[in-house]
Amino acid sequence: MSDWNGSVFTPGDDGYAAELNTNNQSVEHRPALVVAAADTADVVRAVQYARAHGLSVAVQTTGHGMSLPSDGVLISTQRLNRVEIDAGTRIARVQGGARWLDVIPAAAAYGLAPLNGSSPQVGVVGFMLGGGVGMLGRQHGYAADHIRSLRIVTADGEERRVDPDSDPELFWAVRGGKGNLGVVTQIEFDLFEVSDLYGGGLYFPAETVAQLLELYVAWTLDLPRTMSTSILLSRYPDIEQVRAELRGKYVAHLRVAYFGPAEEAERLLRPVRELDAPLLDTVGAMPYTDIGTIHHEPVGPYSVYESGFYTGYLAASDTRTILKRVGPDVNAPLIFELRHHGGGYRTLPAISNPVGGRDAEFTIYIGSVIDPPAMTTDKAIHTAIRDDFAHVDRGTVLNFLGAHTDFETIHRAFLPEDAGRLIAVQQKRDPQNVFCINHRLAAQEGASH
């Protein structure tokens, strides 16, 4: 295997385990071949090798979104992280292994910002191909709506440029269909004129949670698109690494990102601040480069089973349902996030794509730290919570899916007609099922995985 420009590992080789190291360790990969791609040629060669040997292809940059364990060929793209900013056209050109922490400071140097998610640690490509929900989204919509073009290695082992003119079918499918259609080696997308914001977190005690949730679903009805918010319900561990104000406590963490004057942000926040004094208040002016501090998310590795779905408008009774499932008196072994959606997410892009959730008002995320003996129980809890919201369910959030998700749940990420069209495109473009280590919409014969 001397033709590779990067390193190649097989089981037992020094460096094999290190290259497989992933952020979310809920799935253990044991691929026959690991390709630490140094350039696009390595990606092409890896797909051709897998095709020739009847093996599946999995792609990993950070490993935040796990699906199925790989035992075929795993392509590690983390070294493909070059970022180019065209300030004149406000477009970023990014290699397939870049993370948001690579893009945000590069764009900020020109007073620009991408439609990144809450964690800068996440890979750009996986986030955007799954739709992409972030703190600028209520103004500008899904990140996938702002993809201009891609370079992608498809299942036939060929790299091709994909844009609305060169391949409209694939351009439609890949912007929201996640990673079932090839390995993206480069992506071009829009940037926006943003350099700072007013944001942070208000951490409320357990006794305020019921009032906060009921206020939240009413308060968000009138928020402008320039205000992005969410609430995370969780119990912090009693360990030294946690701030003293939060250590060992059940907390409702209200996250805020406002793109406008501080005075207007505080006027909007007044009803929330009047509820109670927070345990901790980190809200203030900040440069866009600090946006990753707002959600205060952990940096891996960790093992978490995840699920998520969109909802319509929520009533006060729905907040009481949340409390019965994950409130401070329940001691549920999970974290629960309610995120305000709506606004720009409702706007259809100029060039259509299959991203769902256009009619949603909120998203719900559920995460459980994995204890293998309790995995069946954890999944049942996630399912039960979603069933509680069946009357307002607006579909699956594709980027929130955990490992081993069933076909029905994946289907619910799309409109029925879009799901059918995606299946047809996948079967046409990947008849050997090379890219089966992802959240596929249907079972299909083909490569070993």
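For this structure, a couple of remarks:
- Scanning the range 343-357 for residues that are in contact with a helix residue (DSSP H, G or I) (Cβ under 7 Å, 6 or more places away or on another chain) and buried (at least 18 other Cβ atoms within 10 Å of the Cβ) returns 343, 345, 353, 354, 355, 357.
- Any chance residue 394 is modelled with pLDDT of 85 or more and surrounded by fewer than 20 Cβ atoms within 10 Å (Cβ to Cβ): no
- Take the conditions (1) more than 23 Å from the chain's Cα centre (by Cα); (2) surrounded by 24 or more Cβ atoms within 10 Å (Cβ to Cβ); (3) among the polar types (S, T, N, Q); residue 180 misses just one of them, which is (1).
- Residue check for residue 144: touching a Pro at 6+ places or on another chain (Cβ under 7 Å), assigned to a helix (DSSP H, G or I) and either within 30 Å of residue 340 (Cβ to Cβ) or not assigned by TED's automatic domain parsing to the domain that holds residue 287 (or both): no
- Residue 175 being charged (D, E, K, R), at pLDDT 95 or above and farther than 26 Å from residue 325 by Cβ: yes
- Extreme residue, nearest to the chain's Cα centre (by Cα), among residues of the range 230-276 that are surrounded by fewer than 18 Cβ atoms within 10 Å (Cβ to Cβ), within 24 Å of residue 365 (Cβ to Cβ) and of a type in the set (A, V, I, L, M, F, W, C): 242
- Pairs linking a residue in the range 246-269 that is closer than 21 Å to residue 134 by Cβ to a residue that is of a type outside the set (A, V, I, L, M) and assigned to a helix (DSSP H, G or I), with Cβ atoms under 8 Å and 6 or more positions apart or on different chains, are 254/216; 258/264; 259/139.
- Helices (runs of 4 or more DSSP H) lying entirely in the range 331-439 (those with 1 or more residues that are closer than 23 Å to residue 214 by Cβ): 375-388
Here is a yes/no grid of residues against (1) more than 16 Å from residue 137 (Cβ to Cβ); (2) in the same structural domain as residue 256 (by TED's automatic domain parsing); (3) in contact (Cβ under 8 Å) with a residue 60 or more places away in the chain:
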position: 312; (1), (2), (3): yes, yes, yes
position: 333; (1), (2), (3): yes, yes, no
position: 343; (1), (2), (3): no, yes, yes
position: 354; (1), (2), (3): yes, yes, yes
position: 377; (1), (2), (3): yes, yes, no
position: 386; (1), (2), (3): yes, yes, yes
position: 396; (1), (2), (3): yes, yes, yes
position: 416; (1), (2), (3): yes, no, no
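- Residue match in the range 160-172 (condition: crowded, with 24+ Cβ neighbours inside 10 Å, in a strand (DSSP E or B) and without any contact (Cβ under 8 Å) to a residue 24 or more places away in the chain): yes
The values are calculated or read from the model by the stated rules, or taken from the named source; none is laboratory data. Here the structure is a predicted model, which means the values were calculated and not measured. Positions of Cβ are backbone-derived with ideal geometry, glycine not excepted, and every protein chain shown enters the neighbour counts.
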